[in-house]
Amino acid sequence: MAQVSPAAAFRGVWPPPGSAMLAQALFSLGLWLRIAAGRDAPEPGPQPSISNSEGDLLFLLDSSASVSHYEFSKVKEFMWDLLHPFTFGPRDVQTSIIHISTTPTMEFPFDQHLTSASLRKAIGATRQLMGDTNTGQALSYAKEKLFSGEAGARPDVPKVLVWVTDGFSTDDISEPMQLLKDMGVTVFIVSTGRGNFLELSAAASQPSDKHLHFVDVDDLPIITKELRDGILDVIRANRLHATDVTSSSFRLAWPKLLSQETGYYSLEYAPRAEPARKRTLQVSGAQTSLVLSDLAPETTYEVALIPESNVHYFPPQTTRVTTLAEEISPVQVLISESGPHSFQVSWAPVLDSVATYQVLYGPLPGNSAKVLEVDGSQNSTVVEHLAPNTTYLVTVTAIYRSGKEKSLSAKACTQEESSEVRHLRFEDAGPNSLRASWDSADGAVLGYRVRCRRQSGRSSVLSVSPRVRSVLLTELPPGTAGEVCVQPVYGSQPGRRLCRTVRRQPATEAQGYRHRQRA
């Protein structure tokens, strides 16, 4: 008996007819998993553009009378959600639709719609034909068109068939489907009904758990990303393509064609606008990937991989890659952990294209400055040996590997030495009151800020002159607690807080107070 995984149950897989208890269990498990995830079908959102892929993608669309108009419209939405991130063109992805009906019909050839806008309009204009569900005939027709130059199909590119069905067919599908797979076509099946699980598992490419999806028509968005990733695995596996694209580099990957003993690769690349700047590298036959670095930002590169085999001839593989716009660093400079003689400077983002950072700092006002040099992989440094209670101008400069420089400045203030009050103490001042007093802080204090956070009741903040060394705190009845903080205020910035927690004894106990330093 076929085993159904929990992941398949989440996609709504139905077992063969007659297993009602198992079907109910799987339905309950799928429902529980969706509730546990806290969401139903995800809303389709913007997708990053997918390039460096090449293949002929054919949709076998159930257009018969067994499908309702509502279901047909939902499938068209699903097709566009699946396709719209791809790049279309004669060197990229091409797609077509064949209707399953009494007589199979091609909606448009592979090479007709080579832009996203044109393809979206064509899918929206696709009309249901009704008629019988002659899927076997449609598969035989698809076998002809997938390899027909007249239909716009291309030789030597991966072929993918996506069959969207309600699970029923009025003719045999096993023989024409096997012929397609024997010719190298990868078959994905999406069933929106109660199809025969064993029959469809045999029809899909193997392993079936990666190529067969059972899902309600309203839940098609659940499988969109998984199906798109599966298609990408097919159309990227057999050709040169780029990944990990940045503003200055990308990684090239290709199928294993050679070995250390059977040859090597010649790799050629150049900016598309400046072919005279072509560079050529010799790459070991054992390699299947390589990182190209020190590239120009926002530049399209033409890349060719030429297998130099001493056993077989392999045609060159080519791709086109556009580097990203150059990121700017720093875009943010932060000052933290300020003390009397030091502070920490941090910045973001950290980019591979930056060789080093220079941190220039000096007091304001003044015309003296010092420089720290930091490796480009770091995003912070500590500036030390500074004067207390002083404002500094800090400038972080990123020095790019290309020779460019970008700078951003911020102000930083060191604290007063011993910029903290000392010996915060309390004395009882009545049934609901305490008096807090402290010794003065060092330096040119402009005043003190006293904050009281009561266990029950409101919090309060008092500001007093530098000559005042105590305040009366009210609304602290017996049996309650509060936190009291005293902070000196300076011209450049506040000093450090000194905080204590005060606990008033209940009225039944001896009058007085207890206090402890906050941990």
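What follows is calculated from the coordinates using simple rules that are stated; it is not laboratory data. In this text, all values refer to a predicted model and were calculated from it rather than measured experimentally. When we count neighbours, we look across all protein chains shown, and the Cβ atoms used for this are built from the backbone with ideal geometry, even at glycine.
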### Message
What does the extension gain come out to for H423 and T243, with contour length at 0.36 nm per residue minus their alpha carbon separation?
### Response
58.6 nm
#### Entry: Crossing angle, helix 69-83 versus the chain [Cα axis fit, 0-90 degrees, rounded to tens]
70 degrees
### Task
Quote the Stokes-Einstein diffusion coefficient, in whole µm² s⁻¹, for segment 202-300, based on the Kirkwood radius over alpha carbon pairs, a temperature of 4 °C and a viscosity of 1.567 mPa s.
77 µm²/s
## Note on the structure
As a percent rounded to 5, the proportion of antiparallel DSSP bridges among beta bridges in the chain is 80 percent
## Note on the structure
Quick calc: nm separation of the 7 Å Cα→Cβ label points for S174 and M130 -> 3.4 nm
### Query
For D156 and R251, what is the calculated FRET efficiency with R₀ set at 22 Å and r taken between the beta-carbons, to the nearest 0.05?
0.35
### Query
Using 0.36 nm per residue, how much length does the chain from T391 to R435 gain when fully extended, once their Cα-Cα distance is taken away?
12.3 nm
### Task
Could you let me know the centre-to-centre spacing of segment 150-177 and segment 381-434, using Cα atoms, in angstrom?
69 Å
## Note on the structure
Percent of all alpha-carbon pairs of the chain at distances over 39 Å, whole number, is 55 percent
#### Entry: Tilt relative to the chain, helix 20-37 - C-alpha long axis, 0 to 90 degrees, to 10
40 degrees
### Summary
Singleton cysteines, the chain, no second Cys beta-carbon under 4.7 Å -> C413, C452
### Message
Quick check: the angle from helix 221-237's long axis to the longest principal axis of the chain, C-alpha only, nearest 10 degrees?
### Response
70 degrees
### Query
Normalised by the residues of the chain, what does the relative contact order come to in percent, with Cα pairs under 8 Å and at least six apart?
8 percent
### Query
Which FRET efficiency value, to the nearest 0.05, is calculated for Q455 and K370 with the Förster distance at 56 angstrom and r the Cβ-Cβ distance?
0.70
### Query
Can you give the extra length, in nm with one decimal, that the chain gains between E77 and E308 once fully stretched, where that is 0.36 nm per residue apart less the Cα-Cα distance?
78.6 nm
#### Entry: Separation of the R497 and L472 label points, Cα + 7 Å toward Cβ, nm
2.5 nm
### Query
Regarding segment 144-200, what are the three Cα extents along the principal axes, ordered largest first, in Å?
36, 20, 18
### Task
Would you mind checking K121/K143; K121/K181; K76/K159; K181/K210; K74/K159; K159/K225 for any pair whose Cα atoms are more than 23 angstrom apart?
K121/K143; K121/K181; K74/K159
### Summary
Dividing the mean separation of Cα pairs under 8 Å (6+ apart) by the residue count of segment 52-200 yields a relative contact order in percent of 29 percent
### Query
Over segment 266-391, what is the mean sequence separation of C-alpha contacts under 8 Å (at least six apart), divided by residue count, expressed as relative contact order in percent?
18 percent
### Query
For K411, which aspartates and glutamates qualify as cross-link partners when the Cα separation must be under 17 Å and same-chain residues fewer than eight apart are set aside?
E337, E384
#### Entry: Per-residue [θ]222 nm for the chain (sum of -39500 (n - 2.57) over DSSP H runs n ≥ 4, rounded to 500)
-5500 deg cm²/dmol
### Task
Grab the beta carbon distance between H341 and K404, set R0 = 35 Å, and tell me the FRET efficiency rounded to 0.05.
0.55
